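Colleague: What follows is a single structure, and I will ask about it in a moment.
The values are calculated or read from the model by the stated rules, or taken from the named source; none is laboratory data. Quantities reported herein were computed from a predicted structural model and do not represent experimental measurements. With ideal geometry, Cβ positions are generated from the backbone for all residues, glycine too; neighbour counts draw on all protein chains shown. Areas reflect the complete protein model, heavy atoms only, side chains present, ligands, DNA and RNA absent. Shrake-Rupley method; radii C 1.70, N 1.55, O 1.52, S 1.80 Å.
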Amino acid sequence: MVNKETYDEVVKAWARCPKGTCKTHEDKATIIELYNEIYKAGFRTSTNCSACLNTVYKGIKQIIENGYT
């Protein structure tokens, strides 16, 4: 699903958001931007919609669990 470079970016971003909880807006924005790029989605980086953020975090977590291809 993702190449090695993108996977490495996801791993770095996920490390700053343990258990899906980002400490800063910049970390949250990075996770959302990666999700949008990978899944061709259009979530705003400023969103506070819990359902939207849950979708993003689950998608990124799935990439972490599956590794890169």
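Colleague: How much length is gained if the chain between Ala15 and Lys61 is pulled fully straight, taking 0.36 nm per residue apart and subtracting their Cα-Cα distance, in nm to one decimal?
Modeller: Working: separation 46, 0.36 × 46 = 16.56 nm, distance 1.09 nm.
Fully extending the segment from Ala15 to Lys61 adds 15.5 nm.
Colleague: Lysine pairs in the chain with Cα distance under 15 Å, only those 8 or more apart or on different chains: how many are there?
Modeller: The result is 9.
Colleague: Right, here's the next one. As a test of reading the structure, rank Lys28, Lys58, Lys40 by solvent-accessible area (1.4 Å probe, protein chains only), most first.
Modeller: On the way: Lys28 25, Lys58 130, Lys40 165 Å².
Putting Lys28, Lys58, Lys40 in descending order of accessible area: Lys40, Lys58, Lys28.
Colleague: Placing +1 at every Lys and Arg Cβ and -1 at every Asp and Glu Cβ, with all other atoms neutral, what dipole size does the chain have around its Cα centre, in debye to the nearest 20?
Modeller: Charge dipole, the chain, about its Cα centre: 240 debye, nearest 20.
Colleague: Here's a follow-up. So if we plug the beta-carbon distance of Tyr68 and His25 into 1/(1 + (r/R0)^6) with R0 = 25 Å, what FRET efficiency do we get, rounded to 0.05?
Modeller: The formula returns an efficiency of 0.40 here.
Colleague: To the nearest 10 square angstrom, how much accessible area does Glu9 have with a 1.4 angstrom probe?
Modeller: Glu9 has an accessible surface of roughly 80 Å² with all protein chains in place.
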